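FYI, it's all coordinate maths here, none of it is from the lab. This is a predicted model, so every value here is computed, not measured. Because the Cβ atoms are built from the backbone with ideal geometry, glycine has one as well, and the counts that use them run over all protein chains shown.
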């Protein structure tokens, strides 16, 4: 009887302890972009508790960083939490960055952010560990942990927006590479005689199909065509032409816009076919433009990608729009922290904990 009672005591005790360990804990996430910082309070089970925005267009980091801390503290207070409840902080920024030391170096869309020790600043401000990564990796982690990649071992999340970048998950781990530059897929050279890319190379995927490159090309080509459908959809102002204007013109069956779109989709298919063969993922999730345009983007991609990769890896892979959509930035920073905690054995992946 004594042994049975002792067994029951330890069973209940350890079960209770396990339940405490498994209780969702809060993470503050910060996704630093060129015009705003997404600040979010996320639980480790993927619950988005609350979020806010801090303006960041052409602002000094000395002004933005305290505002980020203030926004994070407000989210905690509004949720009835304190810094003592907080497990960790995660932050992501555009590259280039010094991953090891947690420093933003000099991203092209954060011109005033030069050698900013953002990770340690946030760690000191909140009194917890802070973790840091680039925005492509963070987006890939968010989509893997809480979006279209849940449960997969091998996936890519490709952001197709102003530029093109990827978060790469292989064999259940984020791939950073020797210099933390893995995932810069937008700068795979598809044609060495192609247009000059912002990175200095010619013929990059991004130079052919990135949102900025496409918009700038159309602006140049239609500079003296005020009656063009594309220009009219931009309110008659050539400099206002963007990807939304171009996709609207495609849907209106404008011949010029359709030709541009076909060229763009051909390059997208070429690059994604290459990625099928290189990484052999089970999922490729596409962000931003693919989500916004839906079938206008996905259908021609499916039709063309067959030419550019082997059948076996292609058929083993689902190409899908990202599931998190507009919420991606609210999960990205938190995903950086959660994955870091997973790497040091302090958090199980959601599908491992079940």
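Points worth noting:
- Residues 331, 256, ranked from the fewest to the most other C-beta atoms within 10 Å, line up as 256, 331.
- Percentage relative contact order, the chain, counting C-alpha pairs under 8 Å, at least six apart: 18
- Estimated translational D of the range 151-322 in µm²/s (Stokes, Kirkwood radius over Cα pairs; 25 °C; 0.890 mPa s): 148
- Gaussian network model of the chain, springs between alpha carbon atoms under 10 Å - residue of 99, 30, 131 with greatest fluctuation: 99
- Nitroxide proxy distance, nm - points 7 Å out along Cα→Cβ at residue 171 and residue 307: 3.5
- Here's the picture: a label point sits 7 Å out from the Cα of residue 98 along the beta-carbon direction, and within the range 104-119 the residues with their amide nitrogen under 19 Å of it are 104-108, 110-119.
- Summarising the strand pairing of the range 85-208, around 70 percent of its internal DSSP beta bridges are antiparallel.
- When the Gaussian network model of the chain links Cα atoms closer than 10 Å, the mean-square fluctuations of 114, 100, 36 top out at 100.
- Proxy reagent accessibility, fewest Cβ within 10 Å first, across 143, 58: 58, 143
- Per residue of the chain, the DSSP helices (runs of n ≥ 4 H) give a summed -39500 (n - 2.57) that works out to -13000 deg cm²/dmol at 222 nm.
- DSSP assigns beta bridges within the chain; of those with both partners inside it, close to 55 percent run antiparallel.
- Rel. contact order, % - alpha carbon contacts under 8 angstrom, at least six apart, the range 278-354: 38
- Our summary gives the range 151-322 a relative contact order of 22 percent, counting only alpha carbon pairs under 8 angstrom and 6 or more residues apart.
- Counting neighbouring beta carbons within 10 Å and listing from fewest to most, the residues 204, 258 come out as 258, 204.
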